[in-house]
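As C-alpha cells, the structure follows; a few thoughts come after it.
The values are calculated or read from the model by the stated rules, or taken from the named source; none is laboratory data. Keep in mind the model is a prediction, meaning the values are calculated, not measured. Positions of Cβ are generated from backbone atoms using ideal geometry, with glycine treated the same way; all protein chains shown enter the neighbour counts.
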C-alpha cells in the first residue's frame, strides 16, 4: 500500500503549457513523468510502476517465444559500425557521439544490430548453434532535430529489441509470424487489441518486400493507415497504391483511412548485418552461409503514451488494469481511517495493490478529481455516509459505474460489473 | 528450466588473454559477460540473471527503508550542472559530452544529484513534504582514462543510487544510519557480510568529517584499509592517522592492514546541491531553509565482480545461492533423459530454478568442468551408475560435499549438508 501523503509527486491543477501532446500533458499533470529537456523524460514513482508493468508483460511474451534476455551496452565502438557503414553521419543522421579521454570516439547506442551480430560471431559457427532469439530492454538515444509527441517520440527511450538469427528463410519466416502473434498478444494484454492493426509498410528484404508495423488507431497518431476491419489488416499510406492493394488481395472499397500510432514494428534484416559483421555458419553439408536476421522492436514509452492517448477522457488518464500503477485507489473521507484500514487489509489479502489517498488537507472533491486524473481502475471511497450505511463505494474509472459493497465482510471479488 | 543446448553462450577452454582481473577472466570464460570495449561489458543471459538477482535484493532493502523508485535520464541539460559548477571539465574530468543536432551540448549522466535536486523543487516547498528518500537503478557513464579491474571499474555501469532529503541534521543522521544497516543487510544477503566492513573514509560535510565506505576484504582489492575485527569497523588508509584512530576510539595495536574492494558508499552532501539548485523548504515557524541531503550508492557490476573475486576457486566461480543464475545445475549422462526429467520436475515443483546440461556432444568430464566454472550452488548428476542404484548424486559447489539422494521419491529438501 502506498500512502499518497508519502508519495513525493503531486498532481497539478493545470496541464503544463509547454507540452502539445495530450499524453505528456496528462502524465505530467498527474505526476507520472517529469520533463528533463525537450524529448527527455524522467519516470516518477507512478510512471515507473506503469513502465515496469509494461516491461513485465513484454518480457513474459518474449520468454514464451524462447528468447534469451541480455543487456547490451550504450557505449559503442565505432569500429563495429564502420563495418556496416552506419557510423557515417551521412548514413545515420541521429547519432550522439562523444570523445574518449583515452583517445578516439565513442557512440551512444541508437540501436544494437551491429554489436549483437558481432557478439554472436564468438558463439555461432555451426547450424547446430542456430536458430537464436535474443532480446533486451535497453535505452536508445536518437539525436532528433525536433522532439514532439510527448513520451511517444523522444531523444532517449527504453526499447525492447529482439533479434532473430535463422538458418533459412523458412525458419526466419516461421519465427517472424510467431513474433507477430506475440506482439498482438502484448497489445491485447494492454487493452489495445481491438484498436491495433498489423500493417504492411515499406521496406523489407524478402519476397513480399514489406515490413510490418503494429498501428493503434488514435486521432492523435502521426501515421495514416488504411484498415480493413473485417480482415483486421492495414496498409500504411506510404505504400497504399492500387498495386499494393491488389498484391495483398484487399479491396479499396472496404478500406478506411485512419490516423494511428505505431506501437511496434518487426522487419526482416536479411543477411545485411551478418555479411557486414561476418556472422556465418556451416550448414549440414558443410557449406558456409550468412545468418538470416530479423529485428523486432517495441518502445515502452511509446506504448505507454499510446495507452494514455487512446483511453483518456476529459477527466484524466484511464489505465487498463494490466498496467495500472495500482489496482485500487482507496479514498478516505471524514476521518474514517479505521474502517479504511480494514478495507485495505482485505484488498491486500486478495492481492490487490492499493494507492491510499490519506491526505488530510484535501477535500472530497479534490481527492475525486485526483483519482480521475491518475486513472487507477477502481476507486473505493470510505466516508461517514458509507460507514453509517455499513458500506463502501466502489467506482470503475473506465465506465464510471458505481456499486456499493458491504463494509463488514468486504470482498473485492464480489464486485459485479458486466 | 534452461537447457544448456539452447543457451547461446558457451564456456571457453581458456580465460581471455586481454583481461587482467580474475572476475572478468572467469565471467568471460564462463559466458556471463562479453567485453564490448575496454571498460564496457555486455551482460549475457547467465550474467543478466545474476545482475537481476542483485538488483532485486537491493530493491527490496531500499523499499523497506520507505524509499521511492524512479528512473532519471541519461541525457543531461548542461544548464542544471552549470548551477552546481560541475559542468566544467576542470571540476569533473570524466564527462562524456555530446552535441545536440538542434544546437548546444548535452551531458551523458555520470551521476544524478543535480537533476533529482532540481526535479524536487517542483514538489517540495514545506516541511510537510519532507523527508524524502528516492532511488533508481540507472546507468552511469565515466570517461575514465584507463579501465581495469574487469567489471569492477568500468566506463559504463549500473548503479543503485539513493538520495535522502531531510529537514534537519538529526533527521538526516537517523536515515543515514538506517541506510548503513540496510547496506550491511544487502551484503549479508549476498554472502559478503562477514567480509564486509563499514569503513571510515575521507570527506563528508558534517560533525565528524567522515564518509562511509563498505569495503569487502579481498586480496585483489584496489583499496587498503585497517580493520578492527572485534569491533567490525575499519579505516581507509587515506585517513589512517594517529589522530583519526584516537578520534574514533580505536587502538592501533588491534588494527590489521588488508586489501579490499569498495562495494558501496554513503556520504553526507550537506546543503551543497540544495543551495545550488534552490531546493528549499519552509519549516514549522515559516523560515526558509535548504534541504539537507545524503547520497547512497552501490554499483551492481562492482558487487558482482567482488563476489566472483572473493569466492572463486581454481575451478571457477562460486555463486552464493541468493544471486546464483540458477539454483541447481542438473547434468544428464549416459542418455538418462527420462530419469532426469523426473528429477527436474520435482525440483521445479519445489521452486528450484534449473540449468539443465542436456548437451549430447560433451563428455562427463567436460560437463563437470563447466558446472564448476559456472558456479551454480548445487550440481545434480543422473547417470547410468546412479540410476542403477536408484540414486542421484548431489554435490555442493562451495564445499564440494557430495550426497546421494533416492531417485524415486526424490526431494531436494531432504538434502542435509550441515
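Here are a few things to note about the model shown:
- Just one of the listed residues (A:305, A:294, A:286) is surrounded by fewer than 20 Cβ atoms within 10 Å (Cβ to Cβ) and either part of a loop (DSSP other than H, G, I, E, B) or in the same structural domain as residue A:185 (by TED's automatic domain parsing) (or both), and it is A:286.
- One residue stands out among those in the stretch A:218-232 that are part of a loop (DSSP other than H, G, I, E, B) and in contact with a helix residue (DSSP H, G or I) (Cβ under 6 Å, 6 or more places away or on another chain): the one that is nearest to residue A:181 (Cα to Cα), which is A:218.
- Listed by first and then second residue, the pairs with beta-carbon distance under 9 Å, at least 6 apart or on different chains, first residue in the stretch B:115-137 and at the interface with another protein chain (Cβ under 8 Å from one of its Cβ atoms) and without any contact (Cβ under 8 Å) to a residue 40 or more places away in the chain, second in a helix (DSSP H, G or I) and surrounded by fewer than 21 Cβ atoms within 10 Å (Cβ to Cβ), are B:123/B:129.
- For residue B:88, the conditions (1) out of contact with any strand residue (DSSP E or B) (no Cβ under 7 Å at 6 or more places or on another chain); (2) modelled with pLDDT of 95 or more; (3) within 11 Å of chain A (Cβ to nearest Cβ) all hold with the exception of (3).
- Residues in the stretch A:31-40 that are more than 7 Å from chain B (Cβ to nearest Cβ) and more than 21 Å from residue A:370 (Cβ to Cβ): A:38, A:39.
- Subset tally (residues that are under 27 Å from the mean Cα position of the chain (by Cα) and in a loop (DSSP other than H, G, I, E, B)) for the stretch B:335-365: 3
- Enumeration of residues in the stretch B:96-114 that are surrounded by 16 or more Cβ atoms within 10 Å (Cβ to Cβ) and more than 9 Å from every other protein chain (Cβ to nearest Cβ): B:107, B:109, B:110, B:111, B:112, B:113, B:114
- Screening the candidates A:145, A:162 for the property of being without any contact (Cβ under 8 Å) to a residue 24 or more places away in the chain and within 14 Å of chain B (Cβ to nearest Cβ) yields one hit, A:145.
- Within the stretch B:44-94, the residues that satisfy the criterion of being under 27 Å from residue A:5 (Cβ atoms) and in contact with a helix residue (DSSP H, G or I) (Cβ under 8 Å, 6 or more places away or on another chain) are B:58, B:61, B:62, B:64, B:65, B:68, B:69, B:70, B:71, B:72.
- Residue B:61 under 17 Å from the mean Cα position of the chain (by Cα), at pLDDT 95 or above and closer than 29 Å to residue A:49 by Cα: yes
- Some residue of the stretch A:191-204 being over 25 Å from residue A:273 (Cβ atoms) and assigned to a strand (DSSP E or B): yes
- Scanning the stretch A:233-255 finds no residues that are under 19 Å from the mean Cα position of the chain (by Cα), assigned to a strand (DSSP E or B) and either modelled with pLDDT of 95 or more or over 27 Å from residue A:53 (Cβ atoms) (or both).
- For the stretch B:51-70, filtered to residues that are touching a strand residue (DSSP E or B) at 6+ places or on another chain (Cβ under 8 Å) and crowded, with 20+ Cβ neighbours inside 10 Å, the residue that is farthest from the other protein chains (Cβ to nearest Cβ) is B:58.
- Here is the figure for the stretch B:366-418: residues that are within 28 Å of residue B:31 (Cβ to Cβ) and in a loop (DSSP other than H, G, I, E, B) total 11.
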